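Structure, as structure tokens:
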Amino acid sequence: MAGVRFEGVGKRFGSVEAVRELSLEIADGEFMVLVGPSGSGKTTALRMLAGLEAISSGSIFIGDRVVNQVAPRERDIAMVFQDYALYPQMTVFDNLAFGLRRRKVPGADIQRRVAEAARVLDLEALLQRRPGQLSGGQAQRVALGRALVREPQVFLMDEPLSNLDAKLRTQTRGEIRRLQQEVDTTTVYVTHDQVEAMTMGDRIAVMNEGRLEQVGTPEELYERPANRFVAGFIGSPAMSFFTGAEVGLNLPNVVGVRPEHVRPWREGLIGPLKGRIAFVEALGRETFVGVDVGEARLVVFEEGRAERDVGDEIEFGLVESGLRYFDADSGAAL
Amino acid sequence: MTSRAEQTLGYVILGVFSLIALLPIVGILFTALQDPDGVAAFGSLNGLHFENFKTAWEDGNFGSYLKSSIIVSVSVVFFATLFSILAGYAFGLMRFRGSTVLFYLFLLGLMVPTEAIIVPLYYDLRDLNLTNTYWALILPQIATSVAFGTYWMRTYFRTVPRSLVEAARLDGASTWFTLWRVLLPLARPAVLTMTVLLFMWTWNEFLLALVMVSDESLRTAPLGLSFFQGRNTSELSLMAAASVIVALPVVILYIFLQRHFIRGMLAGAVKG
Amino acid sequence: MAVAAPLEAASREGSPGERPPGEPRLVGYLYLLPAFVVFAGFVLYPLYRAAYISLWDWDGLTAGTWAGFDNYAEVFTDEDLRAAFVHALILLLFYAVLPLLIGLALAGVMARARVRGLAFFRAVLFLPQVVAMVVVALMWKMIYQPTDGALNRFLGWFGIEGRSWLGDFNLALPSVGLVGTYVYFGLAMVLLTAGVQKIPTSLYDAARVDGAGPFREFLAVTLPGLRGEIAVALTLTTIYALRNFDLVYITTSGGPGNATSVPAFQVFSRAFESGQVGSAAAVGITLTVIIFIISLGINRIAERST
């Protein structure tokens, strides 16, 4: 078992800086999620950790060892690929055993480890099938199994759920988390989906345009976003931003507020504010109402199914404890 | 409905042209089976006289010609396939300096006709005392085949998901092991298509054999046939039988593997 | 770990170059080596040598004399050579244009008709390409035979007088060309029918809604939709036409006179029969350049009109 450390790691592709000065420490046994929009450098960071991309500057540690010049096979890592990358002509058993055989693990050991992984992942009935005969979910479990049997120091996962349908994705999310806690292996998990990040990560690293924007627990990111980007990226529907001048309130800087802190008007809130309804998203248990106030658009949260029509006026207020302030120029939280 | 008429017209056109394609071939088959002592005429059938093949085989020395053709074709196809897989793997899945320039060189080779290099090949190989040997037929044809094969295999390896190669690398497989155990089992159709095309081209090659070889024992089947017809212009049925012998190996292969032949030729496969 | 320390220090600054570790630097060249050695030795070097020889006046035996570009000038001035290239151009009609027209006619008819059993037709139509060209040539020599060849007998049924197809100065070249048509029309037909079936039927529906007749439809939908396939068919058949040696050598040996002499045949006869080795090399190089330009040109045109 080992932790992972990025120390000022950078990656250039020609003139493009894919990753800039990334410093990040991942504790032994921790589940770390790298999240960000496409092109944010999260996958590149993972691939550098895997040894599939060269490191342009800085160092990467696995445990106490600098691995910059270490070949992937020597890093004692296992990776789950977005498209699973199962060997099509080999049976599930051979897929699971491939890495162990390459490492000259004794035959009896291979049998034991594959059987164990197959049991945990419910693959026992599929061991003699080929990848072409598996459903998406089964193939995904084989890909997980291939990483599991290796018993590596670090698991690397590159958007492993993005090829599953929505229902299976939710289910597998929990399964991966459970497995990881069982084996207690350090895991670096890349996704563009903030819901995945929030539900799976011990900690989350938010990346944008090659930069690390913030690292923290899901709660920290949600409650205390370091800047406007993180604030806007984490949480759905997203946080709304406005200035006091835009809505006619005496509030400094740029204000950010999440929908649950914007409520129909009652005493004790900041306001009242008046605006015109731009959209209504009635989800049954709750309703999100988009409201245009001057130049700004805020999202109002209402319990239950609210009877609202687009174009109507609505009166609402803000929960003071829910307001976050950001510097107008840098976007940094204040 | 016009579509119905069009469909019928389509069948008619296809049928007529298929007939045109087939008639001369059937004609030569019939001629080969004619009574060797009768008055031979191309395309007519007067019984099944298989002895023509025997006569051609023995008197025409086609046993020896076929042996040469097999030696040359098998050597060329084996080495060209092996080298093409290796080179295509490098071009398709590896990054190294100068790979683009080197690849364009191979592409250039694809367009060079044998006619352009036959002159120096002959005179330079003659100086090396290699003319009139199998080497003179095998080595240049490996070279021209490799130009096509490398291009073909590179195209194939480009379609392999990169992640498969990366997974193998993480699993600890060497590049050599990855090629033979992970990638090649998937590449079987692409390799088979390449192999049948190379075999066809090599078997049917004429100019190189004509220039390089003067010993009768080294003549390949097409070359032997051209000499045979020089000697036996009057014996039509014998010549037809000899022609069938020369064409048959490739045609039989075509009957069994036609999908691979057609796929390759439709992909625009040409060899220098 | 004391031993590892200096190594670690050295590797702190990232990898030199942009190469992932464990992807050895030279292994790519190693995989390339066997193919490249044999390719360089037996294609690239001879090509260079051909270019070199083409600058000399050489009979293949005695010492040559420097000729500069005279051999290339000869390609345009020498009557035999000019004729050979003109013949090649005429053969293009038979090898490339005629098969293309046949293919287009079929494609136009099949634009909206689904035909079953195409696999069978395809297999038959490709057969002539698989048979050794030497055999095809012999076959047609028998068919064209003036006294009792199949063609003259066939024409005799209709009371048409037979000809000496390969012996007549005016008929020999088209007769050889038609053999080329025979070999390659299947390629054009199969390529174009495969292509036309890929054109979305909605385009034809749209054309018909706009009131287009069958001919307009062909011009507006089928032809543009087949651009890629036409380019491939033309490139291939053109290359085959220019490389045509076996057929001419077997059927006519360039005769009668030089009525069917083509560049590929000129290379052979000059280099190995009449001792004009330099000139032969120049013709070979010229042929390569022409093939190069035509392949490039046809594909450029196909791409530009996309």
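Read the figures in this text as sums done on the coordinates, not as results from a lab. This one's a predicted model, so the numbers in the text were calculated from it and none came from an experiment. In this analysis, Cβ positions are derived from the backbone assuming ideal geometry, glycine residues included, and neighbour counts consider all displayed protein chains.
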From the phi angles alone, apply the Karplus equation (6.51, -1.76, 1.60; θ = phi - 60°) to segment A:327-334 and give each ³J(HN,Hα) in whole Hz, x where the residue is Gly or Pro.
5, 5, 8, 7, x, 6, 5, 9
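Given charges of +1 on the Cβ of Lys and Arg and -1 on the Cβ of Asp and Glu, with all other atoms neutral, how large is the dipole of segment B:64-216 about its Cα centre, in debye to the nearest 20?
Values: 10 positive and 8 negative charges, 160 e Å.
The dipole magnitude comes to about 760 debye.
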Most mobile of C:A259, C:A150, C:A280 in a GNM of chain C (Cα contacts under 10 Å)
C:A150
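Using the count of nearby Cβ atoms within 10 Å as a rough guide to exposure, how do C:W165, B:W180 rank from fewest to most?
On the way: C:W165 22, B:W180 14.
Taking fewest neighbouring Cβ atoms as first place, the list is B:W180, C:W165.
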Excluding residues fewer than 8 positions from A:K42 in its own chain, the lysines with Cα under 27 Å of it are A:K11, A:K167
Binned Cα-Cα distances of segment B:169-272, short to long, each 10 Å bin given as a whole percent
13, 30, 27, 18, 8, 4, 1
Among A:R324, A:R119, B:R126, B:R169, which comes first, then next, by fewest other beta-carbon atoms within 10 Å?
A:R119, B:R126, A:R324, B:R169
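Report the longest stretch of chain C that contains none of the GluC sites (Glu not before Pro) sitting in a DSSP loop with at most 10 other Cβ atoms within 10 Å. Could you put the intermediate results ahead of the total?
Values: sites that count: C:E161, C:E273.
It runs C:1-160.
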Over segment B:102-181, what per residue volume does the convex hull of the Cα atoms give, in whole Å³?
126
Name the long-range amide H neighbours of C:R243: under 5 Å, sequence gap of 5 or more, or other chain; modelled H, no Pro or chain starts.
none
If you project the alpha carbons of chain A onto their three principal axes, what span does each projection cover, largest first, in Å?
73, 44, 33
Given Cβ charges of +1 for Lys and Arg and -1 for Asp and Glu, the option among C:V115, C:S164, C:G186 whose Cα lies farthest towards the positive end of the dipole of segment C:105-198 is C:V115
In a Debye calculation with equal point scatterers on the alpha-carbon sites of the protein assembly as shown and no solvent, what is log10 I(q)/I(0) at q = 0.04 Å⁻¹?
-0.30
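Looking at segment A:4-233, what % of its DSSP beta bridges pair antiparallel, to the nearest 5? Provide the component values of the computation, followed by the final result.
On the way: 19 of 37 bridges.
Antiparallel bridges: around 50 percent, rounded to the nearest 5.
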Pairwise centroid distance, computed over Cα atoms, of segment B:175-206 with segment A:77-152, Å
29
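May I ask for the equivalent-ellipsoid semi-axes of segment C:164-297, computed as the square root of five times each C-alpha gyration tensor eigenvalue and listed largest first in whole Å?
Numbers: eigenvalues 327, 63, 22 Å².
Rounded to whole Å, the semi-axes are 40, 18, 10.
How big is the equivalent ellipsoid of segment C:9-146 along its three axes, where each semi-axis is √(5λ) from the Cα gyration tensor, reported in whole Å from largest to smallest? Walk me through the intermediate numbers first.
Values: eigenvalues 402, 265, 57 Å².
Listed largest to smallest, the semi-axes of segment C:9-146 are 45, 36, 17 Å.
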Arrange C:Y45, B:Y104 by Cβ neighbour counts within 10 Å, fewest through most, would you?
B:Y104, C:Y45
Label-point separation, C:D148 to A:S162 (7 Å along Cα→Cβ), nm:
7.6
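Averaging sequence separations of C-alpha pairs under 8 Å and six or more residues apart, then dividing by the length of segment A:240-326, give the relative contact order as a whole percent.
Values: 213 pairs, mean separation 32.8, N = 87.
Relative contact order, segment A:240-326: 38 percent.
Please work out the Kirkwood hydrodynamic radius for chain B, using every pair of different C-alpha atoms, and report it in angstroms with one decimal place. If you can, show how the numbers build up before the last one.
Details: mean 1/r = 0.0468 Å⁻¹.
With all distinct Cα pairs of chain B included, I get 21.4 Å.
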Rounded to whole Å, give me the distance from the Cα center of segment A:1-41 to that of segment A:275-319.
39
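Which value at 222 nm does the protein assembly as shown reach when only helices count, each DSSP H run of 4 or more adding -39,500 (n - 2.57), with the total divided by all residues and rounded to the nearest 500 deg cm²/dmol?
Estimated from H runs of four or more residues: -17000 deg cm²/dmol.
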When only alpha-carbon atoms are used, what values of Rg and Dmax, in angstrom, describe chain C?
26.7, 102
Can you tell me the relative contact order of chain A? Whole percent, Cα pairs under 8 Å, sequence separation 6 or more.
17
Using the Kirkwood radius built from alpha carbon pairs, what does the Stokes-Einstein equation give as D for segment A:240-326 at 4 °C and 1.567 mPa s, in µm² per second?
101
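Find the percent of Cα-Cα distances in segment A:1-133 that exceed 26 Å, and round it to a whole number. Can you show the working numbers first?
Details: 3250 of 8778 pairs.
Summing the P(r) tail past 26 Å for segment A:1-133 gives 37 percent.
Work out the length of the dipole vector of segment A:240-326 about its Cα centre, built from +1 on the beta-carbon of each Lys and Arg and -1 on the beta-carbon of each Asp and Glu, and round it to the nearest 20 debye. Don't skip to the answer; put the middle values down first.
Values: 10 positive and 15 negative charges, 44 e Å.
Charge dipole of segment A:240-326: 220 debye, to the nearest 20.
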Hey, how many Å between the Cα centroid of segment A:197-247 and the Cα centroid of segment B:21-35?
81
Checking A:G275, A:G107, A:G51 against a Gaussian network model of chain A (alpha-carbon springs below 10 Å), the top fluctuating residue turns out to be A:G107
